[in-house]
Every structure is written in C-alpha cells, then in structure tokens.
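Structure first, then comments.
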Ligand code: DAH
C-alpha cells in the first residue's frame, strides 16, 4: 500500500497541464469519486490494524498534495485562456470621459481669485450655527423677521441651533478672534426655508467679503466693487449703487451692474432697465465691530455679500436654479473644459 502511495505521489508531483481543460481532466483522474486517490481510500479497509495509522496519514498527505497541485495548475492555466488572435492591439483604448467642474464651483473660484488678487484671504465657518453668530452679533433686532421660522431652519430652540442663513456669520467668527487689519472672503453654503422653484431654493451659496482697518472708507468699498465687477464681467462693465438697508451695515447699498446680456440697452433679463442687481454691501455698523471686540472708535470697515447662483446665472444664463443641484449630467457636461 505504501509503495502504491509513493508511486502516486511521484506521479502527481510531476503533473503538467497547459489549459484549464487539461487540469479538469487531471482532477477527474485523481480526485473524483473514481479517481486514483479515492480508489486508494477504498483499499484502506484491507490494511492491517497496526499499520492503519501510518497508512492513513500517508493517504491524507497524498490527498492534500493532489488537491494543492491541481489548484496550482488551475491557477497557472486560467490566465492563458484568452485567445488573442482576433484582437487588434494597436487600437486606442476606450475613451475615459473627463469629469467637469460644477458651474457654481467655477464661479466661486473666480470670485475667490479676484479677491485674492486684492489681498483677501479665505475664511470658512460652520453651516450649523447659533443665534449669536448669524443674528445677534450682526445687529439684528430681537424681533427681526429674518429670525422667523419662516426663513430660518432651526435645529433646536433655546439655546438656538440653526442652519446659517447667510455667510455673514463668518465675519463674526473671524472678528471675535482677530484684530484688524482683517481682509477676508467667506465662501459657503447657506440655507433658507423657501419653497423650491426655478427662482428660489432652500440652499444656495454666498461669498462674503470683509475689510476692517484704520480709515477704511466708502471710497475703498466702491473701488473694490468696481474692480470686482470689471474682472468678473468684463472691462466695459458699469456699476451703480442704490441706498439700501442691512442691520449689519450703515450706510448700506445694493450694487447693480450694467446688464451684460444687452449691454445696458434693456432686455427681458434686466427687465428692460439695463441694470441687474448682484450684491449687497455697506460700511460695517459700529455696533457689529464693538460686539465682536473691535474698537469702532479706531477701526472702520466695509462688507459685501453676494449669491454665487446669481453670478452664475449672469455668466452662464442658467435660468432655473434647480439645475445647479440636480446633478443632471447633460447640464454638467455643458461646462466641460471650462476653468
Ligand atoms: N448677508 C446678506 C444676505 O444674506 C448679504 C449682505 C449684504 C452681506 C450686505 C453683506 C452686506 O456683508 O454688507 O442677504
């Protein structure tokens, strides 16, 4: 019996196969129910009792050897199965479609880079905020309607935890920890409880700018705005400021730019006025500086805030806000190659 086992062992060790089919034939020959190894097992009952242990071990070893050998052959032949004769190896590979940058990110990056050229640094803050950073520090009266549930998503009441409704909250966060000069822009996502339509969404994006130093004046603000408008929309762009109101700035203004679709002649986009509104701005209210620990007798500042979607509409004429967040690849692909 032991000789038989050793003979089989040598035979199995020397096995070779070139294709998976050959390996399968070997498997059947040695390991199937009627294969040579299994037949050996049948002889086992005739082995004298005192040899059973040694022979049993040898048979088991043989079985393991055969299984391992056949598995190794199988692995070695599996990859050789591909028939390369019909393949054209000179053909170019299937094209990998390039991803595109999201239009809002393109616009945001452009805004950022314009302000960086003026020496502004980027500051970011949390989207989940408290009342102090979003409202109280920014001079919102206790009964200001923007605090209302109609506008603001509250996560918890007393103490209030809410989704920021504007990126002006980042102004506070920076001023609380930094003494002037401060020159920052704050890009980010904001949330308001609006019914979703072509013209409104429950979240959108803003970029806020803040400059605080000694002797910052309205003239600095105007020049910054003009520079921004011309860099963003072209050197022919005109700007116009209209008096407005924001709790955190005094005086406050809204800026219009000459309509870049009709060149100021009047079209349906600018409602035939030749102007389109793009941002809010003003001189930082002294109450805000003081609330954030900056002495308003020494320092002054200006701030401005704009919606990124609005600028993207002007640049790319996207007239349905919902497209920005639907991830429709046909829409996103329109921006392939833009940078
Ligand atoms: N926070 C304002 C808004 O969400 C935008 C804004 C207006 C920001 C005037 C400013 C500003 O910094 O001076 O509508």
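Each value in this text was obtained by applying a stated rule to the coordinates, not by laboratory testing. Keep in mind that what you see is a predicted model, and the values were worked out from it rather than measured. We place every Cβ from the backbone using ideal geometry, glycine too, and count neighbours over all the protein chains shown.
Among the helices (runs of 4 or more DSSP H) confined to the stretch 213-323, the ones with at least 2 residues that are more than 16 Å from the ligand (Cβ to nearest atom) are located at 218-233, 308-316.
Within the stretch 9-23, the residues that satisfy the criterion of being part of a helix (DSSP H, G or I) and touching a helix residue (DSSP H, G or I) at 6+ places or on another chain (Cβ under 6 Å) are 9, 12, 20, 23. Among residues of the stretch 235-251 that are touching a residue at least 12 places away in the same chain (Cβ under 8 Å) and closer than 23 Å to residue 143 by Cβ, those with a Cβ under 8 angstrom from a residue that is more than 12 Å from the ligand (Cβ to nearest atom) and in a strand (DSSP E or B), sequence gap 6+ or separate chain, pair up as 251/243.
Results for (1) without any contact (Cβ under 8 Å) to a residue 24 or more places away in the chain; (2) farther than 17 Å from residue 203 by Cα; (3) within 13 Å of the ligand (Cβ to nearest atom), shown as yes or no for each residue.
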residue	(1), (2), (3)
127	no, no, no
146	yes, no, yes
151	no, no, yes
155	no, no, no
169	no, no, yes
175	no, yes, yes
